[in-house]
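Asker: Here's a structure for you.
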Amino acid sequence: MVSNAPELEKKNWQNQIVQSINEGICVINQEKQISFVNPAAGRILGWDTDKLIGQRYEVLFGLEPKINQSEEDAIVCPVQFALIEGEITHVNTETFYRRDQTTLWVEYICVPLRENDEIVAAIITFQDITERRDLEEAVAKARDAALESARIKANFLANMSHEIRTPLNGIIGITELLDQTPLNAEQTKYLETLKSSSNLLLGIVNDILDFSKIEAQKLELDVIDFDLAKVVEETIQLFEPEAIKKRIKLKSEIEKEIINTVKGDAGRLHQILNNLVSNAVKFTENGEVCIKLKSQADGLFRFEITDTGIGIEKEKQAKIFEPFMQGDVSTTRKFGGTGLGLAISKQLVQMMGGKIGVESDTGKGTSFWFTARFEPSLSIEGGLWVDLEKIKPSPRQTSKKSKPKILVVEDNPINQEVALGRLRQLGISASLAKNGLEALKLLKKKPFDLILMDCRMPEMDGFETTRQIRLFENEKKNIKIVAMTASVTVEERENCFQAGMDDYLVKPMKIEVLAATLNKHLQYKLPPQTIGVKTNIGYHPFAEILDQKILQNLLEIESRGEQNFVKEMLKIYLNHTETELSALQKAFEEKNLELIRLKAHSLKGSSGNMGVNHLFQQFTELEDEVRKQNFSEIENIINQILQEFTELKTKVSHLF
């Protein structure tokens with residue numbers, strides 16, 4: 001008789017293995033009943049193993065048994081699929097039920113068990129992954145919380161930047177007003193310190209705002225046509241005074257064959273160059289700073305800013321582009337800065353499809369380089385794409401040697417005279433249209449290089465006029481259109497750009513800002529001594545009535561041959577305001593909110609241009625209350641305006 005001891009011994013140790021493993025094992029027979037479970041399965045599911053045997057397999061899934069389940073429906077379940085089709089199924093995540101009906105997450109595999117090529121059962125091997133699943137959910141929640149925290153932080157930084165900017169703009173504005181008054185040497189020194197400190201703080205606020213926008217992925221590039229070489233030269237001009245003061249050389253080296261006119265965000269390129277050149281000049285005491293520009297393949301351009309300054313230690317270079325990092329902690333005290341400039345520059349470079357890096361030796365100098373991708377500037381002519389540089393200058397393109405042809409579109413007589421006077425002060429004689437319809441008629445008769453466009457006018461406002469001009473131009477946008485408005489809201493600014501305008505001037509319009517705008521859009525070089533000339537007000541009959549800065553500007557115009565300009569302007573203002581106030585009262589009686597708003601906006605602009613600050617403020621408040629449709633407050637403000645205007649007429653009556 002042959003002994004079967006080895007076979008019994010084999011089955012014994014196989015059984016011990018099954019009993020000892022930590023994974024649960026259940027065997028489901030063809031009657032859909034559990035015929036075997038190992039101790040781990042009982043422990044995981046909270047059953048005594050002998051009580052779990054004989055249960056329908058649905059008890060594992062918390063389902064009601066389906067005794068008469070069709071074969072087609074059964075295949076949906078992995079257990080049935082194994083019993084009927086003989087296929088192996090692996091399920092990554094499934095809910096199993098314990099005896100007390102609490103749930104757990106499991107991962108399992110279902111394998112058919114065959115004897116003599118027949119499927120006799122299905123084996124489920126599973127493991128409890130509840131802790132792993134809970135950890136994954138916790139990680140997901142933590143990730144979502146981190147993203148939400150980043151969003152809240154970005155919004156907070158943006159809001160705080162705006163909140164800080166508001167009083168800061170007031171401080172900078174007051175310093176500009178102070179700069180227009182007679183000052184002794186000591187006061188001038190204090191004012192210069194105040195101006196430099198204010199501008200430094202504004203730069204920090206702008207960095208924080210940009211960084212928050214980048215973190216929130218809300219920063220977008222503004223793609224326009226611009227001249228690469230000109231951006232480099234403008235950067236040189238910006239930092240040249242500081243370089244001269246430090247007696248270091250500031251120069252540029254631009255590849256001769258480079259494509260000048262490209263499409264991209266000129267403003268952000270300026271920002272990157274300003275950050276890098278500012279650092280180079282700041283950290284260089286002797287020698288030179290150089291901006292190099294050359295083209296590479298596939299529309300890439302390489303910029304390199306080299307200096308002979310203090311250099312950056314090797315171990316610091318790897319972290320120099322991280323937020324709030326600087327080359328040396330001591331530079332925070334000696335040179336200042338937030339450590340955001342290079343981090344922002346890196347993000348902007350990446351948005352432009354480029355890379356940024358640094359090479360430096362301590363004590364020998366530093367070379368920052370970056371690449372950026374720009375497309376060649378193209379325009380549409382005759383239905384074909386052509387290079388702008390190949391297009392012959394049109395009559396509307398301004399020669400740097402000739403004065404630009406400018407059209408002022410303004411319905412308010414005070415604002416008309418101020419705008420025309422400002423332009424005359426810059427040596428430019430402009431044409432005038434009193435509304436949008438007149439402007440369109442003039443444009444059909446003669447070309448213009450730039451239009452100063454009031455936004456709120458009767459018959460056709462500035463927005464619709466601009467849209468009509470852009471349609472008339474067939475999208476070539478030969479004419480530059482600059483908005484003139486008394487509104488400083490973000491909504492107003494967006495409306496201007498959506499209509500097709502190129503820029504935005506706020507009333508009352510500063511001569512320096514107007515000059516900069518003309519230079520920006522027309523490359524018109526102002527004749528010498530046209531701006532920045534101070535006229536000593538001393539005692540003037542209107543000094544107690546009009547804003548000092550506005551009066552200063554009006555007197556500058558008068559000093560250039562416009563005899564009695566201030567007096568004539570005030571006469572026009574009083575007559576116009578009296579007429580418009582009558583119309584305003586009638587609009588209120590008729591409860592015509594739109595007409596009240598238009599009149600308030602127009603009178604706000606003319607009052608601001610004349611420097612009648614009290615009325616300017618009241619018309620601003622009136623415009624705000626109209627938006628709120630608060631009739632009782634509207635009536636109160638109108639009554640205050642009428643009283644204020646009557647007092648103004650009384651004050652100036654003896655001057656005419």
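Asker: Only one of these conditions is not met by Pro167: (1) part of a helix (DSSP H, G or I); (2) modelled with pLDDT of 70 or more; (3) under 22 Å from Asn275 (Cα atoms); (4) open to solvent by 50 Å² or more (accessible area, probe 1.4 Å). Which number is it?
Answerer: (3)
Asker: Quick one: which of Ser607, Ser602, Ser582 is open to solvent by 30 Å² or more (accessible area, probe 1.4 Å), closer than 25 Å to Cys455 by Cβ and hydroxyl-bearing (Ser, Thr, Tyr)?
Answerer: Ser582
Asker: Filter segment 633-656 down to the residues that are more than 17 Å from Ser607 (Cα to Cα) and within 39 Å of the chain's Cα centre (by Cα) and list them by number.
Answerer: Scanning segment 633-656 gives Glu633, Ile634.
Asker: Also, quick follow-up: Step by step: first the residues of segment 465-503, then only those that are over 26 Å from the mean Cα position of the chain (by Cα) and open to solvent by 30 Å² or more (accessible area, probe 1.4 Å), then the one that is modelled with the highest pLDDT. Which residue is that?
Answerer: That would be Gln468.
Asker: Here are some residues: Thr331, Thr338. Which one is under 22 Å from Gly267 (Cα atoms), at pLDDT below 70 and among the β-branched types (Val, Ile, Thr)?
Answerer: Answer to the selection: Thr338.
Asker: How about segment 189-202: which of its residues are at pLDDT below 80 and either open to solvent by 30 Å² or more (accessible area, probe 1.4 Å) or closer than 24 Å to Phe497 by Cα (or both)?
Answerer: Lys189, Glu192, Thr193, Lys195, Ser196, Ser197, Asn199, Leu200, Leu201, Leu202
Here is a yes/no grid of residues against (1) of a type in the set (A, V, I, L, M, F, W, C); (2) under 26 Å from Ile312 (Cα atoms); (3) out of contact with any Gly (no Cβ under 6 Å at 6 or more places or on another chain):
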position: Asp227; (1), (2), (3): no, no, yes
position: Val232; (1), (2), (3): yes, yes, yes
position: Phe239; (1), (2), (3): yes, yes, yes
position: Leu250; (1), (2), (3): yes, yes, yes
position: Lys256; (1), (2), (3): no, no, yes
position: Ile259; (1), (2), (3): yes, no, yes
position: Val262; (1), (2), (3): yes, no, yes
position: Arg268; (1), (2), (3): no, yes, yes
position: Ser278; (1), (2), (3): no, yes, yes
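Asker: Same structure again: Which count do you get for residues in segment 278-303 that are open to solvent by less than 40 Å² (accessible area, probe 1.4 Å) and closer than 22 Å to Lys256 by Cα?
Answerer: Adding up the residues that qualify gives 8.
Asker: Same structure, new question: Might you check whether a residue that is more than 20 Å from Cys496 (Cβ to Cβ), in contact with a strand residue (DSSP E or B) (Cβ under 7 Å, 6 or more places away or on another chain) and modelled with pLDDT of 85 or more occurs anywhere in segment 407-418?
Answerer: Within segment 407-418, none of the residues are more than 20 Å from Cys496 (Cβ to Cβ), in contact with a strand residue (DSSP E or B) (Cβ under 7 Å, 6 or more places away or on another chain) and modelled with pLDDT of 85 or more.
Asker: Okay, moving on. Considering only segment 414-434, how many residues are touching a residue at least 24 places away in the same chain (Cβ under 8 Å), open to solvent by less than 40 Å² (accessible area, probe 1.4 Å) and closer than 27 Å to Lys599 by Cα?
Answerer: 10
Asker: Which of (1) open to solvent by 30 Å² or more (accessible area, probe 1.4 Å); (2) closer than 22 Å to Gln347 by Cα; (3) modelled with pLDDT under 85 is the odd one out, the single condition Ile320 does not satisfy?
Answerer: Here Ile320 clears every test but (1).
Asker: Condition check: closer than 22 Å to Thr362 by Cβ, open to solvent by 10 Å² or more (accessible area, probe 1.4 Å), in a helix (DSSP H, G or I) and of a type in the set (Asp, Glu). Does Glu315 satisfy that?
Answerer: Criteria met by Glu315.
Asker: I'd like the residue in segment 74-110 that is farther than 20 Å from Asn22 by Cα and of a type in the set (Val, Ile, Thr) and, out of all such residues, is most open to solvent (accessible area, probe 1.4 Å).
Answerer: Taking the candidates together, the pick is Val76.
Asker: Do you know which of the residues in segment 111-126 that are outside any loop (DSSP other than H, G, I, E, B) and open to solvent by 100 Å² or more (accessible area, probe 1.4 Å) is farthest from Pro39 (Cα to Cα)?
Answerer: Glu118
Asker: So is Leu437 closer than 23 Å to Ile572 by Cα, surrounded by fewer than 20 Cβ atoms within 10 Å (Cβ to Cβ) and not small (Gly, Ala, Ser) or not?
Answerer: So Leu437 fails the test.
Asker: Which one of these does Ser653 not meet: (1) closer than 17 Å to Ile545 by Cα; (2) open to solvent by less than 30 Å² (accessible area, probe 1.4 Å); (3) small (Gly, Ala, Ser)?
Answerer: Against the list (1) closer than 17 Å to Ile545 by Cα; (2) open to solvent by less than 30 Å² (accessible area, probe 1.4 Å); (3) small (Gly, Ala, Ser), Ser653 comes up short only on (2).
Asker: Further question: Does at least one position in segment 550-572 carry a residue that is modelled with pLDDT of 85 or more, open to solvent by less than 60 Å² (accessible area, probe 1.4 Å) and either under 30 Å from Asn630 (Cα atoms) or not in a helix (DSSP H, G or I) (or both)?
Answerer: No: zero hits.
Asker: Consider Val262 carefully, then state whether it is more than 15 Å from Phe370 (Cα to Cα), part of a strand (DSSP E or B) and either among the hydroxyl-bearing types (Ser, Thr, Tyr) or in contact (Cβ under 8 Å) with a residue 12 or more places away in the chain (or both).
Answerer: It is true that Val262 is more than 15 Å from Phe370 (Cα to Cα), part of a strand (DSSP E or B) and either among the hydroxyl-bearing types (Ser, Thr, Tyr) or in contact (Cβ under 8 Å) with a residue 12 or more places away in the chain (or both).
Asker: Here is a follow-up. All but one of (1) out of contact with any strand residue (DSSP E or B) (no Cβ under 6 Å at 6 or more places or on another chain); (2) part of a strand (DSSP E or B); (3) not acidic (Asp, Glu) hold for Asn275; state the number of the condition that does not hold.
Answerer: Of everything listed in (1) out of contact with any strand residue (DSSP E or B) (no Cβ under 6 Å at 6 or more places or on another chain); (2) part of a strand (DSSP E or B); (3) not acidic (Asp, Glu), Asn275 misses just condition (2).
The values are calculated or read from the model by the stated rules, or taken from the named source; none is laboratory data. Remember, predicted model here, so these are calculated numbers, not experimental data. Note: ideal-geometry Cβ built from the backbone for every residue, glycine included; neighbour counts use all protein chains shown. The protein model used for the area step is the full one, side chains on, heavy atoms only, and it has no ligands, DNA or RNA in it. Shrake-Rupley method; radii C 1.70, N 1.55, O 1.52, S 1.80 Å.
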